[in-house]
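In what follows, a single structure is set out as structure tokens and then discussed.
No lab work stands behind these numbers, since they all come straight from the coordinates. Nothing here was measured: the structure is a model prediction, and the numbers come from that model. For neighbour counting, all protein chains shown are included, and Cβ atoms are generated from backbone atoms with ideal geometry for every residue, glycine included.
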Amino acid sequence: MFALKSVVSTRFMSLGALVILNLCVRVSFGHTIPSNAIQKRLYEAVGPETCQIYCHGPLLHTVQMAQLYQDSKTFVDMKLKNRPEKTMEEFNAFMLKYNDTPTEAEIRDFVDTHFEERGKEFETWVPNDWKENPEFLNAINDPDLKQWGSDLNGIWKELGRKMIEDVHKNPEYYSIIPVDNPVIVPGGRFIEFYYWDSYWIIRGLLYSEMYDTARGMIENFLSIVQRFGYIPNGGRVYYSGRSQPPFLTAMVKAYVDFKKDYSFALEALDTLEHEFEYWMNNHTVQAKGYDVAIYTDASTGPRPESYREDIKTSEDFRTDEDKEQIYTELKAGAESGMDFSSRWFVDENGTNDGGLKNLKTRSIVPVDLNALLYMNAKIIAEFHDKAGNTAKSAEYEAKAARILEAIQAVHWNEEAGVWLDYDMINQKPRNYFVPTNLSPLYTGAFNKSDSERISASVLKYIDDLKLDSYPGGVPNTLAHTGEQWDFPNVWPPMQYILIRGLENLGTPEAKKLSERWGHRWVKSNFEAYKQTQTMFEKYDALRFGGHGGGGEYDVQKGFGWSNGVIIEFLTKYGGDLSLSNSAVSTVSKNTVFSLTVALLISVFGTMLGRSLW
């Protein structure tokens, strides 16, 4: 039905030589390489033997299917004790000895003999630019919120990671992708950098005046694009083949806005252009006659970090080709960041019913990705303008204009009154709520002269779906499937995009709602922290101060992007926010609603999401 473009950027992509030294693969300009060659580049940089262990192959299959660990990610984060070639040689002998049918205990013994526990690639590190009393704390009037802000600022020290020198000297012993500068990780099971998480982490660091750490993280990402041609989902070799929502350009923009350092932006311009072109050349399809971007994947097989889970999902598919298709859909869903959600389900009737076996991520044109690419083009145009590159600035303004035209034609839905994802299989809009339906407001991908009409339309949409009714924040969808990116889970980046987007609309009504949602998010997160002394990866729309659940793993603590969003909102709203009686009143006001909805969910399950339509 559609063909994925298979060439990479026309400026950045010729591989001069692979130099396995600190994984520094030098890339020259002027040629194109197919997208699967980008994945191959990363594989080759750490050595094909390493990828036979961490990315694919019989050793990975044997260990992951033995279910030695509750979390499949545990094994692929372990360090090798010997060179990968020796490990594979001894694995082959091991399998021969046990006639290819070793017991769980024998497999465990092999792993204990040949691998070290996860986390060996890091050393203790406290950011040297951490400040005990950054200026943002002075913007907070309520003493309890101010103390909370100080606590969150302290969490950066807990989430800091610096790679040991051996990672750079012997990268083939690790699944980690070496980078020169220390990083702030999300937390919990996520002990390496993640692409889109890092945007909100970096914003939080900038408000915390940790400029060196923030810049170092951005420089890591820039170097990864220069070395491999794109940014993998996360900082492990097994994430190659997929990226995440492209926020690198916005990271540079955030740093420049804080530091007024346009020289940094100009130094990064070639790399930012390259990442933009990588997405446009490897992720675009045709819909309604327009080039539009989708989430996809360029690798084969199950996700290494969720290997057993993906094998189980594929069990009902008969052929190897069909199994490979579902593996690719799973990885494309992971690239979207929303892994997983009914947002990506397309059943035989063209609805979002079903489960993971109904994933059709690559057949859905997502509003957010195209809105982000619009924003990237606009920022790149701005940077070129600052540099005096008039022709290049005009070129990227034109690219942004074409994306905006496509967003309006493919995604805007007059009947719904918002932007909607587009189903290429059934050639129709997907009229299901996701916060990303409003992402063009955040990225500026709308006609500013039409703000009054758009504001009235969007606010009616919010009112019709009763999105302002949830005490814990706006849920990610209205479908109760048990997937972590579905009802009733609430995610910090989505709240941020909604709140900032409504503010960008500029109308008094939209700004008022934006502020109310911003206040509510801060207070609900504070309530959760007060009860648990923890920041969570996701929260619960039905409970003021409740954390989320569901999905493939337990709710994670830490948590990088949650910290970043709250620190920014404390800076923005701290002068007006007071906890006096507000948390109690908010809870009591919503208690009946929360209990009623929770009861409906327990009785009707997914039907709740439908009934709200």
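Listed by chain and number, the aspartates and glutamates placed with their C-alpha closer than 16 angstrom to that of residue 157 are 123, 129, 132, 192, 209, 212; residues fewer than eight positions away on the same chain are left out. When only the Cβ of Lys, Arg, Asp and Glu is charged (+1, +1, -1, -1), the dipole of the chain relative to its Cα centre reaches about 860 debye. About the Cα centre of the range 167-213, how large is the charge dipole given +1 on each Lys and Arg Cβ and -1 on each Asp and Glu Cβ? Please answer in debye to the nearest 20. Dipole about the Cα centre, nearest 20: 120 debye. Annotation: the residues 323, 511, 169, sorted from fewest to most other C-beta atoms within 10 Å of their own C-beta, follow the order 169, 511, 323.
Computed over the range 97-204, the range of Cα coordinates on each principal axis works out to 69, 30, 24 Å, biggest value leading. Cβ crowding within 10 Å ranks 451, 198, 175 as 451, 175, 198, fewest other Cβ atoms first. Going from the residue with the fewest nearby Cβ atoms within 10 Å to the one with the most, 274, 168 rank 168, 274. Listed by chain and number, the lysines whose C-alpha is less than 16 Å from the C-alpha of residue 460, apart from same-chain residues fewer than 8 away, are 511, 512. Answer with one residue from 300, 134, 177: the one whose Cα lies farthest towards the positive end of the charge dipole of the chain, charges on Cβ with Lys, Arg +1 and Asp, Glu -1. Result: 134, furthest along the dipole toward the positive end. Kindly state, to the nearest 0.05, the FRET efficiency for residue 414 paired with residue 139, given R0 = 51 Å and r defined as their beta-carbon distance. Plugging the Cβ-Cβ distance into 1/(1 + (r/R0)^6) gives 0.80. For residue 547, nonlocal amide neighbours, meaning residues 5 or more places apart or on other chains whose placed amide H falls under 5 Å from its own, are 540.
Between the listed residues 276, 240, 229, the Cα displaced farthest toward the positive end of the dipole of the chain, a dipole computed from Cβ unit charges relative to the Cα centre, is found at 276. Would you mind checking the tilt of helix 35-46 against the longest principal axis of the Cα atoms of the chain, expressed as 0 to 90 degrees and rounded to 10? On a 0 to 90 degree scale, this one is about 60. Close amide H pairs (under 5 Å, H built 1.01 Å from N) link residue 418 with 413, residues at least 5 positions away or on another chain. What shape does the range 55-98 take by its C-alpha gyration tensor, where a ≥ b ≥ c are the square roots of the eigenvalues and a/c under 1.5 counts as rounded, a/b above b/c as prolate, and the rest as oblate? Cα axes put the range 55-98 in the oblate bin. For the residue pairs 259/538; 323/360; 253/557, alpha carbon separations beyond 23 Å are given by 259/538; 253/557.
Using only alpha-carbon positions, what ratio does the radius of gyration of the range 475-547 give when scaled by 2.2 N^0.38 Å?
Its radius of gyration relative to the 2.2 N^0.38 Å reference: 1.15.
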